[in-house]
Amino acid sequence: MKLVYLLGLGAFALGLDAYVTAGLLPVIADDFNSSVSATGQMVTTFTLAYAIASPIFAALLSASRARLGLLSALAVFALANIGSALAGNLPVLLITRAFAGVGAGLYLALAAAGAASLVDKERRGRALAIIMGGMSSGTVLGVPAGVFIAQHLGWRTTLWIVAAIGLVSFLGLALRLPVLPATSSVTLRQRAAVIADPRVASIVGVSFFAAVASLGLYTYFAPVMESGSMGNVGNVTPYLWAWGIGGVVGSVLIGRLVDRGRPYALVVGILVLLVLSLLAFRVTAAIHPLISLVPIAVWGGVGWALQVPQQNDLLAARGDNGGSVAVALNESALYLGSAVGSGLGGVAFSLGWDSSVLPLWAAGFALAGLLLQVTGVRISAARRSGKAVPQEAAPEAAL
């Protein structure tokens with residue numbers, strides 16, 4: 001498991017890099033004498049590169065060279081952050097952020113598959129939880145700490161720290177990571193079939209809806225809390241900590257539950273809690289903002305916890321036949337869902353809607369994910385009972 005923790009350290013750097021930049025936008029905009037909206041494209045380039053590169057490069061990577069691909073992805077990520085820290089203008093910064101997104105997307109997919117291959121099947125859920133725990137820890141520790149460092153030492157220092165953590169993980173893995181077990185050879189046509197697999201599509205669809213709800217709403221956390229109907233909160237830091245701490249706890253504890261089995265019911269339970277926590281967030285904040293700390297923590301916890309059983313189910317569904325590609329596709333769905341959620345939130349603001357409606361919309365998308373999951377569970381139950389189910393429907397391993 002020590003090697004899994006090294007993989008988790010790399011994921012920590014990814015989580016820090018992915019979420020801290022949004023908090024640095026005003027500082028970077030001032031430094032480059034550009035608008036916040038133009039500087040905000042650094043988040044867009046990172047997100048899109050992450051979403052696009054993850055499944056494509058995972059599919060093109062030779063099944064026997066997972067170790068090389070993992071180390072190369074982490075090296076690209078670290079070097080791109082060094083480039084971002086040295087960038088002298090906005091166009092260069094945008095290019096380096098795109099390369100950082102490419103490295104991050106490929107690394108996380110390979111790290112999840114690698115962690116699962118380094119332990120026995122009974123501990124696979126815990127290994128995946130360490131990877132997601134690294135990502136969520138990067139968020140809870142990185143966002144406030146990175147912004148604090150940027151305010152006192154400059155935004156470039158924060159990116160130097162991200163690069164340093166990535167390089168430490170790279171050196172440790174380069175020295176200690178063995179050759180990862182080679183998976184069976186998969187052609188490009190077979191890898192493309194992974195994306196068209198209804199089992200994979202069902203899992204990825206649930207992840208997408210959950211990301212629209214959870215990560216999309218998180219993007220507008222501050223303006224939502226500043227709404228008069230949500231308590232008119234000026235300092236959102238305690239609420240961000242509640243969300244992040246909940247995420248760390250949820251992503252770590254979920255591993256043992258995954259290892260105990262019943263993944264379908266587990267995902268259903270997580271999505272129910274996500275819907276209820278988002279609705280409770282809206283209601284409790286209207287009563288008193290401090291009361292909303294509880295549903296916010298639950299929201300963060302279940303939002304991060306969901307991806308552990310999702311990754312586990314994808315690996316179980318595809319195994320050696322495109323498992324890393326399926327995980328990469330799931331990561332793309334997360335980032336695309338976050339982008340869609342952010343975009344819809346921006347539309348709501350442009351229409352002059354009160355930001356307090358965003359938690360309700362987020363709960364609606366979480367409910368859509370729940371309905372998709374329940375539909376898959378019913379199809380699986382029908383198969384187990386011997387009823388005829390169309391071949392294209394999602395089988396038992398789908399969710």
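Structure notes:
- Every residue from segment 6-37 that is at pLDDT 80 or above and either within 14 Å of Ala104 (Cβ to Cβ) or under 18 Å from the mean Cα position of the chain (by Cα) (or both): Leu7, Gly8, Leu9, Gly10, Ala11, Phe12, Ala13, Leu14, Gly15, Leu16, Asp17
- Residue count for segment 269-296 satisfying the condition of being part of a helix (DSSP H, G or I) and more than 20 Å from Val248 (Cα to Cα): 11.
- Residues that are of a type in the set (Phe, Trp, Tyr), assigned to a helix (DSSP H, G or I), outside the structural domain of Ser136 (by TED's automatic domain parsing) and under 26 Å from Thr375 (Cβ atoms) are absent from segment 238-254.
- Options Gly83, Gly40; residue that is farther than 29 Å from Glu122 by Cβ and modelled with pLDDT under 75: Gly40
- Tally, over segment 49-80, of residues that are modelled with pLDDT under 80, under 19 Å from the mean Cα position of the chain (by Cα) and of a type outside the set (Ser, Thr, Tyr): 7
The values are calculated or read from the model by the stated rules, or taken from the named source; none is laboratory data. Source: prediction; values computed, not measured. Because the Cβ atoms are built from the backbone with ideal geometry, glycine has one as well, and the counts that use them run over all protein chains shown.
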